[in-house]
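The values are calculated or read from the model by the stated rules, or taken from the named source; none is laboratory data. Bear in mind the structure is a predicted one, so any value in this text is a computation, not a measurement. Every residue, glycine as well, gets a Cβ built from its backbone with ideal geometry; the counts of neighbours run over all protein chains shown. Please note that ligands, DNA and RNA were not included when accessible areas were found on the heavy atoms of the full protein model with its side chains. Shrake-Rupley method; radii C 1.70, N 1.55, O 1.52, S 1.80 Å.
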Amino acid sequence: MIGSDVYNYINVLNKAADASWVRNTVLNNNLSNVSTPDFKRSDITFEEYLKEELSSGNMWMDKAVANVNLDNLKATTYVDQKELSYRLDGNNVDVDVEEANLAQNTIRYYTLLDSITQEFSRIRMVLNRN
């Protein structure tokens, strides 16, 4: 985390990329346990925390991002639909759903990294104008 207002967007994007990385690990764990009896799939909560932090009334996005408490932006792992099972062995992992989620998350992760790179490029461009 970088401690300057210039880096507000980068700090938030960094937290989102971290959450995406955690989600990738959780989704891979789900796929690894597709044949484990009584295993219940897990996922993470992050987007809700980000939305809550950014919805601080009717303010401009720059001000909303500047007011984000980065300590509140943590990926929280939870067990999804404990009571649901797709098979007789009690497992609730659907390989097709997990692979689709993993593909979506991979795209999200690389998009976040690209956004961080673009933010640094903008800062570098401003600094090089002198």
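Say we join alpha carbon atoms closer than 10 Å with springs in a Gaussian network model of the chain; which of 88, 13, 31 then has the biggest fluctuation? The residue that fluctuates most here is 88. Only one item in [x] 12.9, 40; [y] 18.4, 68; [z] 24.0, 74 matches Rg and Dmax of the Cα atoms in Å derived from the coordinates shown, and that item is [y].
Computed over protein heavy atoms with a 1.4 Å probe, the carbon and sulfur contribution to the accessible area of the chain reaches 53%.
In loop segments of the stretch 73-112 as defined by DSSP, there are no chymotrypsin sites (Phe, Trp or Tyr not before Pro) with at most 13 further C-beta atoms inside 10 Å of their C-beta.
Note on residue 71 and residue 25: the model spin-label points, each 7 Å out from Cα along the C-beta direction, lie 2.2 nm apart. Peptides 63-69, 123-129 ranked from most to least packed give 63-69, 123-129, packing being the mean of other C-beta atoms within 10 angstrom over each peptide's residues.
Label-to-label distance, residue 85 versus residue 103, with points set 7 angstrom from Cα along the beta-carbon direction: 3.0 nm. Counting only whole DSSP H helices of the chain, the ones at least 20 Å long by C-alpha along their axis and with mean Kyte-Doolittle hydropathy no lower than -1.0 are 8-32, 95-128.
Mind telling me which of 116, 107, 44 comes out most flexible in a GNM of the chain, alpha-carbon contacts under 10 Å? Among 116, 107, 44, the largest GNM mean-square fluctuation belongs to 107.
In percent, rounded to a whole number, the relative contact order of the stretch 22-130 is 34, using alpha-carbon pairs under 8 Å and six or more apart. Once both labels are positioned 7 Å from their Cα atoms along Cα-to-Cβ, the gap between residue 127 and residue 51 label points is 3.6 nm.
Surface exposure of the stretch 1-51, expressed per residue as accessible area with a 1.4 Å probe, stands at 53 Å².
The figure for residue 119 is an accessible area of roughly 40 square angstrom, using a 1.4 Å probe on the protein chains alone.
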